[in-house]
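Here the structure is laid out as C-alpha cells; the discussion comes afterwards.
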Amino acid sequence: MSSPKTHPPATLLDLLAAAPPGAIALESVDRGALSYGGLLEQVRSTASWLRDQGVEPGAAIAIVLPNGPELAGAFLSAAVAGISAPLNPAYQRPEFAFYLDDLQARVLLIAEGLDSPAREVARERGIRIVELGLPAAAPAGIFTLDGRVPTGGAPLQPRPDDTALVLHTSGTTSRPKMVPLSHGNLISSAGAVARTLRLSADDRCLNVMPLFHIHGLVAAVLGSLTAGGSVVCTPGFLAPRFFRWLEQCDPTWYTAVPTIHQAILSRATDPANQEILRQSRLRFARSSSAAMPRRVMEALRTALGVPIVEAYGMTEAAHQMASNPLPPGVAKPGSVGPSAGSEIAVMDASGTVLPPGQTGEVVIRGPGVTAGYLNNPEANARAFSGGWLRTGDEGVLDAEGYLTLTGRLKEQINRAGEKISPLEVDQVLTEHPAVAQALCFGVSHPVLGEDIAAAVVLQPGAAVTERQLREYVAGRLAQYKVPRRVVMVDAIPTGPTGKLQRLGLAERLQVTADVPVDDLDLTPPRTPVEEIVSVAWEDVMGRAPPGVRRNFFALGGDSILATRLVARLRQQLAIELTHLELFDAPSVEGIAKAVEALLREETEPAAPAAPAPATGELPATPTERIVAEVWEEVLGI
C-alpha cells in the first residue's frame, strides 16, 4: 500500500499546521519558547476573535507593535482573519493618518499602554482599537486582546489567493503605493528562501530586522517556519547586544541590511566577540535590501568565519527574487546571484527582453510577485509590461544567469547627458581604505542639469581629504563620474530598516554644485596663461570662448571634448593637469588659475633656469612665444 502524498502548504495556516506540534517555532531573548502547536492555536483563536468583532474577510487590520514575537504572531493572526498591515511604530500623526486612511483599516491592534498618535487618529476615524498585552510568564508570541487571551472560536480557512499582507512602498518621490501579497505569494517567496539557504528544522534564525518590513517578515520569520525551524524575535537591532544574543540564543544564521552588517563588523574583531563566534553554531549570514560593498563583505566573511549570502528582494516580489548560493555553489562578488524566487529578465525601454550581457531594467514574474498595486491603475500601467513587473532597478545578466545590479533608474544622475549610476561610484569610494561608508547622490547644477556629490563616513581614526578621494575615483572611473563634492559626515541618514537613504540627501545635507555662471561675460584673455587656454579651447571646440568666465559645458563642451582640452594643455605645458581642475572651474579663467598653480608647484622650492631652445634660437611660433611669456610671468625669469 502506497503512503499518502503530502502537499506543500498553500496558506500561512497550512504552513503552521505542517510542522510537528511540539517543535519550537518562536523564541525571544527574554521569554520562554512557543511551539508550533501553541502558535497555531494562538493564530486560530485570535483570527476567530477578530472575526467575532466584525472583521470581515478582506478587511485591513493595522498593527502598531514593537518588534518581537508578539508582532510575528499578530501578523499571522491578522493575515488569517483579514489582511495584515503592520506599521512602523515610529510614524508621526500625519503618517498614521495617511496609512490608516489609505488602508481603510477596520481595526487597530496596538500595544497595551503604547503612547502613540495612532490611537487618536483611529478614534477620529471610528476605527476599532484593540489593546494587545503580554500575560505574565507567558511564552514568546502569546498575547492578550483587550485583557483576555483569545480561545476557541469557529475554525477559519483562508484561500491561497486571499490577500494576507499589505505593505506600502517607499514614498520618497511620490505617493506610496499599496502592495497586496496573497498567501500564495508569501508561501512561494518563503519557500525560495528556505531552499536557497538549505534551512532545516535544526536551524534557528536570530531576527534583527523590523517585522513591519518584508525582509524580516518573509526571510527571517516565514523562511524559518517553512523549514520547520525556529526564529528568535529580538526587540530590533541593538549593536551592543548582538554578540550577547549570539551567545545566549545560539542561532545558526541571521539576515540583515548592509548597514547592520557593518555595525556588527565594527565589533566582531573584539577578542571576547571572536571567542563567542568560535563557540557559536553560526553557519552563514545573509544580506539583502541594499548593495553590500565588496570590501565590507570580505571583511565580514573573515571576521565571522562563515559565508555571506547576498540576495536581492523587493516588496512587490514578497521579498526574495535572486540569491547567491551557499558553498559549494558559486557566489560571484558584486552579483546578487541567479534567480531564486522569481523569473528574472532584463528589458529595454520599449519592452524588449535583452540577451545576456546587455544592460537594461530588471523585470520579474512568478508566483511570488504581486498581481498589482491596490487602487492604482496608473501605477499598474507603468509597472507591468507583457506580464513582467518592472522593478525600477537597472542590471545585467551574465551567461550563467547571475544578475548584477548597476543602480536604480530613478536614482540615475544625468550629468550633461552622461548617465551615471551612483551605485558604481559608491563601490569605488568604499574600496578606499579610509572610507567606511559612501553614498553618492545628484545635486542640481545650473549648466549640467545635474552633478554628482558623495557623502562619506570615514573609518575610525582615518584621515583623508576631499581632493584625495576625488583623485582616487578619477583614477578608477571616467572623469564625468568623479563627484564634484565629497562631504565628510558622522553618519549617513537611513530609513526605518537601516537602508541608506540616497534620494533627498542633497537637501538633507544642504549640498549644492556651487558653480558660478556668467552667460554675459565678454572679457578677453588678460594673461599669457589665459591666452594659451583660450587657443587650446578654440582648437578643441572649433570656436574661441566669448569671454574668460564663460562655462565650457554651457557652450557645448562634453566629457570627450574636456578630455581633449586637458590632454592638449598637458602636452603643451608639460604639467599634470587633470579633469578635476576643468570640472571644478570650467572656464578659461578657472583653468588658467589651475595651470598657474601647477606651474608654481613644479618649480618649488628652487626655480630652474629658463630652458634654452635646443637650437639656440628664440621662440619662433605664436605658441612658443606665449609659453615663453608664461615662463617669464610665472617663474620671474
Separation between the D161 and N375 pseudo-spin-labels, each 7 Å from Cα along Cα→Cβ, expressed in nm?
2.3
Can I get the semi-axes of the stretch 193-332's equivalent ellipsoid? Compute them from the C-alpha gyration tensor as square roots of 5 times the eigenvalues, in angstrom, largest first.
21, 17, 15
Under Karplus coefficients 6.51, -1.76 and 1.60, residue-wise ³J(HN,Hα) of the stretch 139-155 in Hz, glycine/proline x
x, 4, x, 8, 8, 9, 10, 6, x, 10, 6, x, 9, x, x, 5, x
In terms of the charge dipole of the stretch 183-331, which places +1 on Lys and Arg and -1 on Asp and Glu at the beta carbon, the residue among F242, L282, T269 farthest towards the positive end is T269
On the protein heavy atoms, probe 1.4 angstrom, tell me the percent of accessible surface of the chain carried by carbon and sulfur.
52
R244 to E424: extension gain in nm, 0.36 nm per residue of separation minus the Cα-Cα distance?
61.2 nm
CD proxy at 222 nm, helix term only [per DSSP H run n ≥ 4: -39500 (n - 2.57); per residue of the chain; nearest 500]:
-9500 deg cm²/dmol
Using the Cβ atoms and a cut-off under 14 Å, what net charge is assigned to the surroundings of P338, where Lys and Arg are +1 and Asp and Glu are -1?
-2
P(r) tail for the stretch 379-453, what percent of Cα pairs lie past 15 Å?
66
Computed over the Cα atoms, what is the radius of gyration of the stretch 102-220 divided by 2.2 N^0.38 Å, N being its residue count?
1.28
Report, by chain and number, residues whose modeled amide H sits under 5 Å from the one on T234, excluding near sequence neighbours (fewer than 5 apart, same chain).
N207
Residue span R283 to E601: 0.36 nm per residue of separation minus Cα-Cα distance leaves a gain in nm of 108.9 nm
Please give the helix 93-103 orientation as an angle from the longest Cα principal axis of the chain, in degrees from 0 to 90, rounded to the nearest 10.
60
Stretch gain in nm, segment M541-K410, where the contour uses 0.36 nm per residue and the Cα spacing is subtracted
43.9 nm
Rounded to the nearest 10 degrees, what's the angle between the helix 528-541 long axis and the longest principal axis of the chain, both from Cα atoms, 0 to 90?
60
Quick one: which residues, 5+ away or cross-chain, put their amide H under 5 Å from the amide H of T406? H built at 1.01 Å from N.
E394, G395, V396
Computed P(r) (all Cα pairs; the chain; 10 Å bins; percent)
3, 14, 22, 21, 15, 10, 7, 5, 2, 1, 0
Correct semi-axes for the stretch 448-593, from √(5λ) of the alpha-carbon gyration tensor and rounded to whole Å with the largest first, are 33, 17, 13
Cα→Cβ-extended label distance, 7 Å offset, between R564 and R195, nm
5.5
Amide H of S342 versus every other amide H placed in the peptide plane: which residues, excluding those fewer than 5 positions away on the same chain, fall under 5 Å?
none
Going by the alpha-carbon gyration tensor, a ≥ b ≥ c the square roots of its eigenvalues, is the stretch 366-501 rounded (a/c under 1.5) or, if a/c is not under 1.5, prolate (a/b greater than b/c) versus oblate?
prolate
Relative to the first principal axis of the alpha-carbon coordinates of the chain, what is the inclination of helix 294-304, with its axis defined by its Cα atoms, in degrees from 0 to 90 and to the nearest 10?
50
SASA check, E466, accessible area w/ 1.4 Å probe, all protein chains in place, rounded to nearest 10 Å², comes out at 60
Given the stretch 95-142 reduced to its alpha-carbon atoms as identical point scatterers, what log10 I(q)/I(0) does the Debye formula return at q = 0.16, 0.21, 0.23, 0.28 Å⁻¹?
-0.49, -0.71, -0.80, -1.03
Accessible area per residue for the stretch 270-385 in Å², computed with a 1.4 Å probe and the full protein assembly in place, what is it?
42
Long-range Cα-Cα pairs in the stretch 15-103 (distance over 19 Å), rounded percent
47
To two decimal places, what compactness ratio does the stretch 309-390 give when its Cα radius of gyration is scaled by 2.2 N^0.38 Å?
1.17
Need the C-alpha centroid separation for the stretch 114-144 versus the stretch 1-79, integer Å.
18
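The values are calculated or read from the model by the stated rules, or taken from the named source; none is laboratory data. Keep in mind that what you see is a predicted model, and the values were worked out from it rather than measured. Here Cβ is always computed from backbone atoms with ideal geometry, including for glycine, and neighbour counts include all displayed protein chains. Remember, those area values only see protein heavy atoms, side chains included, never the ligands or the DNA or RNA. Shrake-Rupley method; radii C 1.70, N 1.55, O 1.52, S 1.80 Å.
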